[in-house]
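Comments concern the structure below.
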Amino acid sequence: MKIKPFILIGLIVLLAAFLAACGGQKNEQTAAKPQEQGDTKEIVIGATAGPYSDQVNRGIKPVLEKKGYSVKVIEFNDYVQPNQALAEGSLSANVFQHVVYLKNFAKEHNLPIEDLIQVPTAPIGIYSHKHKSLDEVQPGATVSLPNDPTNQARALVMMQNFGWIKLKDGVDLLRVSEKDVVENKKNIKLLPLEAAQLPRSLDDADYAFVNGNFAIASGLKLTEALDLEKIPDEYMNLVAIKTADKDKQFVKDLVEAYKSQEFKDVIDKEFQGFIKPDYMK
């Protein structure tokens, strides 16, 4: 049976259209492949509200954007969610904690996260709205302090340095707690609180130990503290990442941003009083 010419032409047109469609689908899949492989230049950084998110926004984000990254900063008001969000993958990195807290938290919650690089850190300070000096402490005074183990230990060591309490001999000063107080010379009442709540406690407590980031975020100045901690290396804040990401390019670029002259200039101008890591000295 002979195929009529107009039918033959129609079949050829349909075949050409089919092949073109297949070719188009193949090109679309090829173009989408990098995105499917996760080849994105978006970085999401979590940080506690205040100086550490400000450091990222003012000193790190501009440097990374020059490298072609899209940078989003998410602020947190506690010390739990940032690590959980990092481990779950909704954050690329976070900035809020020191290595002692990070390792304890990661071990306790079995999270595959680790430290990357230290950042300029605001020390814990002791503040008061009722007293002008530490010498004014009275018997029965109320002192608020962080309730998380590592930061509470820092406050207790400072109190021992003031001569207000005595801790057990030979105890690990990085892990001391209220149970390690063997002498309370002033009968001081300790009031452990969430770190973010400590600035508010100044209206009620005689004295309050406040982490530097929350002090600044609440309007307190480091220069207003009655005393500031001499930060040991273990308590310098840091950038944390997922362990699986440590060899990725964005992590290398993040380190370069913190070591850049642009970031150092921002710290010198806007974050005076912060303790600088060794690579910035």
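The values are calculated or read from the model by the stated rules, or taken from the named source; none is laboratory data. All values derive from a computational prediction rather than experimental measurement. Backbone-built Cβ (ideal geometry, glycine too); neighbour counts: all protein chains shown. Only protein heavy atoms, including side chains, enter the accessible area calculation; ligands, DNA and RNA are left aside. Shrake-Rupley method; radii C 1.70, N 1.55, O 1.52, S 1.80 Å.
Looking for something farther than 26 Å from D172 by Cα and surrounded by fewer than 16 Cβ atoms within 10 Å (Cβ to Cβ) - is there at least one such residue anywhere in segment 90-100? The answer is yes, given that some residue of segment 90-100 is farther than 26 Å from D172 by Cα and surrounded by fewer than 16 Cβ atoms within 10 Å (Cβ to Cβ).
Of the residues making up segment 61-69, none is among the aliphatic types (A, V, I, L, M) and either at pLDDT below 50 or not in a helix (DSSP H, G or I) (or both).
Conditions tested, residue by residue: (1) buried (at least 21 other Cβ atoms within 10 Å of the Cβ); (2) not assigned by the TED database to the domain that holds V99.
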| position | (1), (2) |
| --- | --- |
| M159 | yes, yes |
| P192 | no, yes |
| A196 | yes, yes |
| L202 | no, yes |
| K221 | no, yes |
| A244 | no, no |
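Matching residues to (1) within 21 Å of P199 (Cα to Cα); (2) without any contact (Cβ under 8 Å) to a residue 12 or more places away in the chain; (3) in a helix (DSSP H, G or I):
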residue: H129; (1), (2), (3): yes, no, no
residue: P139; (1), (2), (3): no, no, no
residue: V143; (1), (2), (3): yes, no, no
residue: Q152; (1), (2), (3): yes, no, yes
residue: M159; (1), (2), (3): yes, no, yes
residue: G170; (1), (2), (3): no, yes, no
residue: V176; (1), (2), (3): no, no, no
residue: K179; (1), (2), (3): no, yes, yes
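Condition test on D227, is it of a type in the set (D, E) and open to solvent by 80 Å² or more (accessible area, probe 1.4 Å)? Quick ask: steps written out before the conclusion?
Working: of a type in the set (D, E): yes; open to solvent by 80 Å² or more (accessible area, probe 1.4 Å): no.
So D227 does not fit the description; no.
Of all residues in segment 110-122, at least one satisfies being open to solvent by 10 Å² or more (accessible area, probe 1.4 Å), assigned by the TED database to the domain that holds I267 and free of Cβ contacts under 8 Å to residues at least 60 places away in the same chain.
Yes or no: segment 256-265 includes at least one residue that is out of contact with any helix residue (DSSP H, G or I) (no Cβ under 9 Å at 6 or more places or on another chain), in a loop (DSSP other than H, G, I, E, B) and in the same structural domain as D115 (by the TED database). Give the derivation first.
The initial filter retains those residues of segment 256-265 that are out of contact with any helix residue (DSSP H, G or I) (no Cβ under 9 Å at 6 or more places or on another chain), namely 261.
Cutting the leftovers down to in a loop (DSSP other than H, G, I, E, B) gives us none.
Checking segment 256-265: not a single residue is out of contact with any helix residue (DSSP H, G or I) (no Cβ under 9 Å at 6 or more places or on another chain), in a loop (DSSP other than H, G, I, E, B) and in the same structural domain as D115 (by the TED database).
If you check K2 against the conditions, is it modelled with pLDDT of 95 or more, of a type in the set (K, R) and open to solvent by 50 Å² or more (accessible area, probe 1.4 Å)? So K2 does not fit the description; no. What tally of residues in segment 71-89 results from selecting those that are more than 23 Å from A122 (Cα to Cα) and open to solvent by less than 30 Å² (accessible area, probe 1.4 Å)? Going through segment 71-89 one residue at a time, the tally reaches 3.
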